[in-house]
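The values are calculated or read from the model by the stated rules, or taken from the named source; none is laboratory data. Owing to the predicted nature of the structure, the values given are computational and were not obtained by experimental measurement. In this analysis, Cβ positions are derived from the backbone assuming ideal geometry, glycine residues included, and neighbour counts consider all displayed protein chains.
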Amino acid sequence: MPPARLRILKTSKLFIGGKFPRAESGRVLTAVDFLTGAHLAHYGQASIKDLRDAVAAARSAQRAWAAAAPSLRGQILYRAAEMIEGRMASLAAVISTTTGVTAAAAEAEVAACADRLVHFAGWADKISAVFGSVNQVATSHFNFTVPEPTGVVAVLAPDRPSALGLIGAVAPVLVAGNTVVVVASDAFPLAAMELAEAFATSDLPAGVVNILTGKRAELVGTMASHLDINAVVDASDDPTHRTTLRLGVAGNLKRVHFRDATREAGTDILDTVEMKTVWHPVSW
Amino acid sequence: MKPRAASALASASAPALSGRRVAVDQTGLEERARYFQTRSLKHEAKREGLRLAVSMMDLTTLEGADTPGKVAAVCQKAMHPMADRYDCPAVAAVCVYPSLVSTARRCLAGSGVRVASVATGFPSGQFPLALRLEDVRRAVGDGADEIDMVINRGAFLAGEFRRVFDEIGLVRERCGAACLKVILETGELGSFGSVRQASDLALQAGADFIKTSTGKVTPAATLPVTLVMLGAIRDHHEATGRMAGMKPAGGLRTSREALAYLVAVNETLGEAWLTPQWFRFGASSLLTDVTWQLAKCHDGVYQSADYFSLP
């Protein structure tokens, strides 16, 4: 009889610039089965240096992502939804073992992730038509307003739902042409790294989405102070993080938005765009 | 072959001309270079290292599209790399094409920042000797304090060492009081052995500095190649008592690399070389990264390009 096969267990790492590097500090944390407490996997504990690297990756990807045709951004997000749909089984298994929800609820969450991405993919080529405007002015100017991406956006994902919360917080940011650095749930980070694998195999350019796992509290202060992060979307619903962020951005005036990431609202796109108004002289 | 003995012999009378080569241990060299890059300088040591790196910088602009306006902007940045509260020194020199030397001279007047000019048919060096020498004469006449010449790589690779040696000597004469930096363009020399040979040759021909690259060829400055050249400078100093400077140039972008070079210089040549008189960085975008890091040290927060002048 052949010997029993040794299972190959996954050690999840970070997702930075399209690659899966180990945490710079070499630290790892342990994820456990929600119900039994059994060891599931090790995952990387990001430090502020990993955050710095992720911001650098997001910055270098931002210009090209913003310059891509809106329809292309939409297609790429749709493609990411396809990848998530294709990973239904493994994602649902991770969600249900780590967060303790039923298999059916986990599958419904994965389906909602894919649907949410498809919803926002559809927004890509409608943002400037819906939120922009042509303005009536008293002088002889053609005056119009267009939304432009804010830049590099840091996102704090909530603990529950661990996958949909991340997608819900990230999708409205991405579609407008921002690049993101996400810090996944403290309690249930494995689903986020499954999503990272889906993103890595979609057509999202490297650096557009970067995902860190670890302890949010170590990173929130730097998120607030880092001058190359242009905005923060906090969906963690944690009063301590909220205070840290509010105090931290007092010196640099970056935008901070606190959001319930489970809702699906196109107007969330407005949180991370800047309205540019152009006065174009015309002569009659 | 014993490297020391060989180079001592070489310096007796144009020894490199004999084609005698000092063996270079490539594996050991790369391992040593790797080791320098594993060190991490922190806090006050990092801040001092970064300040030193700025003071050793030859801020360079060598584009076909250079205008007097661009050179004026570079000169301004050279004199005042950062706001006063960061306590950042001025750079060592501004390096430009010969036609822009007088502009740079005017912009830098009274600042203590020196004007360096590339010359001798930069970057190829493939021009008649008379033209290359005229290039040097005019750059010096226009007020260049330092001349960065390129060696005739075609001649070197063809084995015409005597010719390369003589040409460097002629340029040395035309420089007068100006400091002569000899660019070996190591990316085109093919091997560490050739780099060492070209270094010995340039040092014996009277170079004040030896410099890795023009910045127009890849690979440009690397730490292993710099170590070979530092070794040549050390041996030359031991044999003749004459100090010479080192200038890695091209491809240097990050503070981390710059600090690794400083460590390498200190460990190979010693502290006496850790001054702008004997060590320079040839770079354009490196200054931006160093100023970011200095600002990070000072303010304690990660910086953004939005708050820094363009390179």
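Filter the range A:222-242 down to the residues that are of a type in the set (V, I, T) and under 24 Å from B:S304 (Cβ atoms), then identify the one that is farthest from the other protein chains (Cβ to nearest Cβ). Per the criteria, the residue is A:V233.
From the list A:V173, A:V220, A:V282, A:V249, the lone residue that is touching a strand residue (DSSP E or B) at 6+ places or on another chain (Cβ under 9 Å) and either farther than 30 Å from A:T145 by Cα or among the basic types (K, R) (or both) is A:V220.
Taken over the range B:169-225, residues that are touching a helix residue (DSSP H, G or I) at 6+ places or on another chain (Cβ under 8 Å), under 25 Å from B:A130 (Cα atoms) and of a type in the set (S, T, N, Q) amount to 5. Evaluate the range A:131-150: report whether one residue or more is buried (at least 18 other Cβ atoms within 10 Å of the Cβ) and either under 22 Å from A:D203 (Cβ atoms) or within 15 Å of the chain's Cα centre (by Cα) (or both). Yes: one or more hits.
Exactly one residue out of A:L219, A:L195 is farther than 20 Å from A:P172 by Cα and either buried (at least 22 other Cβ atoms within 10 Å of the Cβ) or within 12 Å of another protein chain (Cβ to nearest Cβ) (or both): that is A:L219. Being farther than 16 Å from B:G250 by Cβ and under 12 Å from the mean Cα position of the chain (by Cα) is the filter here; which residues of the range B:215-234 pass it? The answer is B:L230, and nothing else. Condition first: out of contact with any Leu (no Cβ under 6 Å at 6 or more places or on another chain), surrounded by 23 or more Cβ atoms within 10 Å (Cβ to Cβ) and part of a loop (DSSP other than H, G, I, E, B). Can you find one or more residues in the range B:255-272 that meet it? No, because not a single residue in the range B:255-272 is out of contact with any Leu (no Cβ under 6 Å at 6 or more places or on another chain), surrounded by 23 or more Cβ atoms within 10 Å (Cβ to Cβ) and part of a loop (DSSP other than H, G, I, E, B).
Provide a single number: the residues in the range B:210-222 that are closer than 16 Å to B:V265 by Cα and crowded, with 22+ Cβ neighbours inside 10 Å.
Of the residues in the range B:210-222, the ones closer than 16 Å to B:V265 by Cα are B:210-212, B:221-222.
Adding the requirement that they be crowded, with 22+ Cβ neighbours inside 10 Å leaves B:210-212, B:221.
Selection size over the range B:210-222: 4.
Selection of first residues in the range A:122-137 that are in a strand (DSSP E or B) and of second residues that are exposed (fewer than 15 other Cβ atoms within 10 Å of the Cβ) and β-branched (V, I, T), restricted to Cβ pairs under 6 Å at least 6 apart or on distinct chains, gives the following pairs, ordered by first then second residue: A:S133/A:T145.
From the list B:Q277, B:Q303, B:Q293, pick out the single residue that is assigned to a loop (DSSP other than H, G, I, E, B) and either within 14 Å of another protein chain (Cβ to nearest Cβ) or hydrophobic (A, V, I, L, M, F, W, C) (or both). Spell out the reasoning first.
Values: B:Q277 fails: either within 14 Å of another protein chain (Cβ to nearest Cβ) or hydrophobic (A, V, I, L, M, F, W, C) (or both); B:Q293 fails: assigned to a loop (DSSP other than H, G, I, E, B).
Exactly one of B:Q277, B:Q303, B:Q293 is assigned to a loop (DSSP other than H, G, I, E, B) and either within 14 Å of another protein chain (Cβ to nearest Cβ) or hydrophobic (A, V, I, L, M, F, W, C) (or both), namely B:Q303.
Would you mind finding the one in B:R280, B:R196 that is touching a residue at least 12 places away in the same chain (Cβ under 8 Å), of a type in the set (D, E, K, R) and under 21 Å from B:V115 (Cβ atoms)? Checking each option against the conditions leaves just B:R280.
Among the β-branched types (V, I, T) and away from every other protein chain (no Cβ under 14 Å), is that true of A:V249? Talk me through it step by step, then tell me what you get.
Values: among the β-branched types (V, I, T): yes; away from every other protein chain (no Cβ under 14 Å): no.
Answer is no for this residue.
Among (1) closer than 25 Å to B:V71 by Cβ; (2) among the hydrophobic types (A, V, I, L, M, F, W, C); (3) modelled with pLDDT of 95 or more, where does B:L252 come up short? Failed condition: (3). A:Q45 falls short on exactly one of the conditions (1) more than 14 Å from every other protein chain (Cβ to nearest Cβ); (2) surrounded by fewer than 19 Cβ atoms within 10 Å (Cβ to Cβ); (3) polar (S, T, N, Q), and that condition is (2). Assessment of the range B:13-25 against the conditions (modelled with pLDDT of 75 or more, over 27 Å from B:T254 (Cα atoms), crowded, with 17+ Cβ neighbours inside 10 Å and touching a Pro at 6+ places or on another chain (Cβ under 6 Å)) yields at least one matching residue.
The set of residues in the range A:138-162 being part of a loop (DSSP other than H, G, I, E, B) and of a type in the set (F, W, Y) is empty.
When the criteria are applied in full, B:S199 fails the requirement of being assigned to a loop (DSSP other than H, G, I, E, B) and surrounded by 20 or more Cβ atoms within 10 Å (Cβ to Cβ). Take the residues of the range A:249-280 that are polar (S, T, N, Q) and farther than 12 Å from A:A231 by Cβ: which is farthest from the chain's Cα centre (by Cα)? By that ranking, first place goes to A:T277.
From the list B:L286, B:L201, B:L259, pick out the single residue that is over 30 Å from A:G221 (Cα atoms) and more than 14 Å from every other protein chain (Cβ to nearest Cβ). Break it down stepwise before answering.
Values: B:L286 fails: over 30 Å from A:G221 (Cα atoms); B:L259 fails: over 30 Å from A:G221 (Cα atoms).
It is B:L201.
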